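Only one structure is covered here, and it is reproduced in the block below.
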Amino acid sequence: MPEYFCPYCGKQTPHLNVKQAAATAQVTRTTIYNWIDKAIVHCMRRPSGRKFICISSLVIPDAFRGRPIPEALPVHSLELRRR
């Protein structure tokens, strides 16, 4: 897995090609391309035209997208589902 500097994360991170990203996220490649178009994931284009997705943006839950996940969340900040 190649590592590139992700300008969005501001650090060196592992990157996946579109096929690997789709397998990791358990979605189709079309979904990955849609996420790229909507800037949901961080994408880097190589001079060859190939796209690589920053693994950090792929695995961070939506509530924390673009921010580091805190080590421990206080109980009062958790959203609990009421029945």
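The values are calculated or read from the model by the stated rules, or taken from the named source; none is laboratory data. A quick note: this is a predicted structure, and the numbers were derived from the prediction, not measured. Reconstructed Cβ throughout: ideal geometry from the backbone, glycine too, with neighbour counts over all protein chains shown.
Any residue in the stretch 7-21 that's under 11 Å from ILE55 (Cβ atoms): show its pairings with residues that are in a strand (DSSP E or B) and of a type in the set (S, T, N, Q) at Cβ separation under 7 Å, as long as the two are six or more apart or on different chains. Once the first residue is under 11 Å from ILE55 (Cβ atoms) and sits in the stretch 7-21, no partner that is in a strand (DSSP E or B) and of a type in the set (S, T, N, Q) comes close enough. Tallying residues that are in contact (Cβ under 8 Å) with a residue 24 or more places away in the chain and closer than 16 Å to PRO2 by Cα within the stretch 22-59 yields 12. Any idea how many residues of the stretch 1-22 are out of contact with any Asp or Glu (no Cβ under 8 Å at 6 or more places or on another chain) and either at pLDDT below 90 or in a strand (DSSP E or B) (or both)? The number of residues fulfilling the criteria is 13.
Of all residues in the stretch 29-61, those that are surrounded by 11 or more Cβ atoms within 10 Å (Cβ to Cβ) and among the polar types (S, T, N, Q) total 4.
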